[in-house]
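What follows draws every value from the coordinates through simple rules; no lab data is involved. Note that the structure is a prediction, hence the values are computed from the model and not measured. No Cβ is skipped: glycine too gets one built from the backbone with ideal geometry, and neighbour counts run over all protein chains shown.
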Amino acid sequence: MKRVLVTGGLGFIGSHTSVELLARGYHCTAADNLANTRKEVLDGITAIAGKKPDWVHVDLADPTACRAFLAQQPKFDGIIHFAAHKAVGESVQKPLEYYRNNLGSLLNLLDYVKANPACAFIFSSSCTVYGQADQLPIREEAEIKPAESPYGNTKQIGEEILRDGAKAHGFRAIALRYFNPIGAHPSAKIGELPLGVPQNLVPFITQSALGLRGALKVFGRDYPTRDGTCIRDYIHVVDLSQAHIAAMERLMQGKSQEPLEVFNLGTGTGSTVLEVIHAFERATGTKLAYEFAPRRPGDVIAAYADTEKAATMLGWKATRTLDQCMQDAWRWQQSLPTTP
Ligand code: UD1
């Protein structure tokens, strides 16, 4: 049985990936420092998968703790590294914390991979590395634009660390550039747990529809798009999680062609903010109150993925629709205690 470490294993994408690993017969160790999630997520993973992952409470950005944890464990065949801070606005307020946490944990884990180069390494990157791309859909070869935030910069630098490290030390890695992950497991046993007021569109929509928040503010109505609102590529978290297994297996099977490969993970279809609102209303039969507000600084006009590379080289394609995303996100929101 192959052993896989999922860092941030109790987080939004990490918990869904842990479920997929267990379902495919992998031994899964979920490591998390619980900075942005709750221990009960473990029960959700266990209930869906019918078995429990190993669970370790550890801060991987702490070099001593990370080394001690890895030294205690039998060898891992793969590491899927999700553990990171991810709030764009907060990263502007606390840049050093973001660099220390996101890059520290990566470097600590790569010390292990350097010593165990057969270990497949998967890194969570983001479409934010493209900024406002010159061409749509966005291909992996598109230019990397200067990062808009320290958070975005940790993803760019993370990719560079991996590229240089893999080349010099003979390990293999894949960076996955996510577009906009949304939705929840259809069982409603795991999903996203945003702390405080959600900054991202879909958690705000579901909390607003439930009356936990006021009307949704649609940021900007004068963008050069089909209805004046921004376009993004929203991808169901279960589709996204399955792509991680495909990427890891590509490395395990020795199929990768470069020390670091990068793949876009999106659906290939862009949706405007208004289209997302209408999908929510259609899929859930629930009316949403919204109003237009000024543009949000830092927002790009439009971003959606060219999915050809992932389809041909990973054999993976997103299959879930925006309506399914909305139904699952709504079911999950309704299952949560109603204190915001
Ligand atoms: C954001 C981050 C991105 C990160 C991703 C993680 C920014 C600028 N970008 O992407 O780096 O990788 O989250 O999930 O924060 N919107 C509203 N009203 C709201 C919230 C959002 O109109 O209350 C709009 C935004 O203007 C945007 C779209 O909805 O057009 C999606 O926003 P969001 O969910 O925050 O994702 P991104 O900004 O694309």
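With everything on Cα atoms, drop me the angle between helix 237-252 and the longest principal axis of the chain, reported from 0 to 90° to the nearest 10. With rounding to tens, the tilt is 20 degrees.
Distance from the C-alpha centroid of the range 219-237 to that of the range 45-87: 35 Å, rounded to the whole angstrom. Residues considered: PHE82, PHE171, PHE292. Largest GNM mean-square fluctuation over the chain, using C-alpha springs under 10 Å, is found at PHE292.
If each Cα of the chain is one equal point scatterer, what is log10 of I(q)/I(0) from the Debye formula at q = 0.13, 0.14 Å⁻¹? Ignoring solvent entirely, the Cα scatterers give -0.99, -1.16. Take the Cβ atoms of GLN199 and GLU140, set R0 to 35 Å, and the FRET efficiency comes out at 0.85. Filter the trypsin sites (Lys or Arg not before Pro) in the range 64-172 to those in DSSP coil with at most 15 other Cβ atoms within 10 Å of their Cβ, and list the result. Qualifying residues, ordered by number: LYS75, ARG139.
Relative contact order of the range 24-121, taken over Cα pairs closer than 8 Å and 6 or more residues apart, is 29 percent. Backbone geometry of the range 97-102 corresponds, through the Karplus equation with coefficients 6.51, -1.76 and 1.60 at θ = phi - 60°, to 3J(HN,Hα) couplings of 4, 5, 5, 5, 6, 6 Hz, x marking Gly and Pro. Rounded to the nearest 10 degrees, the inclination of helix 63-72 to the longest alpha-carbon principal axis of the chain is 60 degrees. Compared with the dominant Cα axis of the chain, that is its longest principal axis, helix 150-169 is turned about 30°.
Less than 12 Å Cβ to Cβ from ARG100, Lys/Arg counted +1 and Asp/Glu -1: what total charge do the surrounding residues give? Here the count lands on -2.
Taking a sphere under 10 Å around the Cβ of GLY228 and counting the other residues whose Cβ falls inside, with K and R at +1 and D and E at -1, yields a net charge of 0.
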